[in-house]
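Encoded as structure tokens, the structure appears first; notes follow it.
The values are calculated or read from the model by the stated rules, or taken from the named source; none is laboratory data. The shown structure was predicted, so the numbers you read here are calculated from the model rather than taken from an experiment. Virtual Cβ from ideal backbone geometry, glycine too; neighbours counted across all protein chains shown.
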Amino acid sequence: MGKRDIILIGGGGHCRSCIDVIESGQEFKVVGIVEQSGSNKAKSILGYPVLGYDNDLETIKNIYDCALITVGQMGSSRTRQEIFNLVKKLGFMLPVIVSSLAHVSQHASIGEGSIVMHQAIVNAGARIGHNCILNTQCLVEHDATIGDHTHVSTAAVVNGGAVIGSGSFVGSNATIVQGIRLPDNHFYKAGSLIRSEKDGQLVKETLN
């Protein structure tokens with residue numbers, strides 16, 4: 001069985017990393033990139049053609065069914081959420097993409113449109129929402145929950161049973177202590193330690 005065609009939406013640095021992840025697997029074949037309106041449209045990215053802008057998506061949907069949102073998320077998830085809502089409305093399929101170099105437990109669940117990048121680990125009982133980025137070498141431990149549209153950055157650690165709200169950003173090398181429950185739409189700095197006391201609520205964010 002051949003690879004399935006997929007388009008990528010967003011042509012920046014995160015897109016390049018996503019291309020590398022997709023190329024590592026045997027399930028999908030990148031057929032082109034859709035840039036954001038108003039951007040300087042290149043002819044190609046890593047050898048893949050730029051098919052048009054996001055306002056061309058309705059037409060592109062007549063040709064291709066699968067899409068992945070490859071706009072990065074440095075802080076606010078608003079842009080990724082808006083694109084997610086648009087492509088869902090247009091009827092695109094948003095598959096889960098997992099690097100061949102990552103480990104995802106068969107007892108974990110991952111929502112549509114999320115990507116698990118090289119050397120990331122998702123352990124048993126973990127629940128990952130829709131449209132998430134689990135970046136290179138991050139660890140999501142057993143029974144942790146990651147809300148929709150959340151980015152867990154490179155080498156970040158989310159310990160067992162922790163809950164991270166939707167639309168959040170966990171910076172590189174941050175550590176989320178086990179069992180803590182964190183709110184939606186929050187930004188956790190690179191290298192920070194997030195810990196809880198008593199009822200598991202957020203107490204403070206400190207730089208190591």
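Looking at the range 62-87, I want the residues that are on the phi > 0 side of the Ramachandran plot and part of a loop (DSSP other than H, G, I, E, B) and have a partner that is of a type outside the set (S, T, N, Q) and at pLDDT 95 or above with Cβ atoms under 9 Å, at least 6 apart or on another chain. Which pairs are those?
75/151; 75/169
Here are 110, 115, 133: which of them is under 18 Å from residue 28 (Cβ atoms) and surrounded by fewer than 24 Cβ atoms within 10 Å (Cβ to Cβ)?
Matching residue, one of 110, 115, 133: 110.
If I ask for residues that are surrounded by fewer than 19 Cβ atoms within 10 Å (Cβ to Cβ) and farther than 14 Å from residue 133 by Cα, which ones from the range 1-15 would you list?
Within the range 1-15, 1, 2, 3, 4, 5, 12 qualify.
Please enumerate the residues belonging to the range 1-27 that are touching a Leu at 6+ places or on another chain (Cβ under 7 Å), more than 13 Å from residue 45 (Cβ to Cβ) and not in a loop (DSSP other than H, G, I, E, B).
6
Consider the range 51-75. How many of its residues are closer than 25 Å to residue 151 by Cα and of a type in the set (Val, Ile, Thr)?
3
Being in a loop (DSSP other than H, G, I, E, B) and farther than 22 Å from residue 75 by Cα is the filter here; which residues of the range 105-144 pass it?
105, 106, 107, 108, 119, 123, 124, 125, 126, 141, 142, 143
Can you tell me which residues in the range 152-168 are crowded, with 24+ Cβ neighbours inside 10 Å and farther than 19 Å from residue 102 by Cα?
162, 164, 168, listed by residue number.
For the range 6-46, what are the residues that are touching a helix residue (DSSP H, G or I) at 6+ places or on another chain (Cβ under 9 Å) and either among the aromatic types (Phe, Trp, Tyr) or farther than 24 Å from residue 88 by Cα (or both)?
28, 45, 46
If only one of 135, 131 is on the phi < 0 side of the Ramachandran plot, of a type in the set (S, T, N, Q) and modelled with pLDDT of 95 or more, which one is it?
Of the residues listed, the single one that is on the phi < 0 side of the Ramachandran plot, of a type in the set (S, T, N, Q) and modelled with pLDDT of 95 or more is 135.
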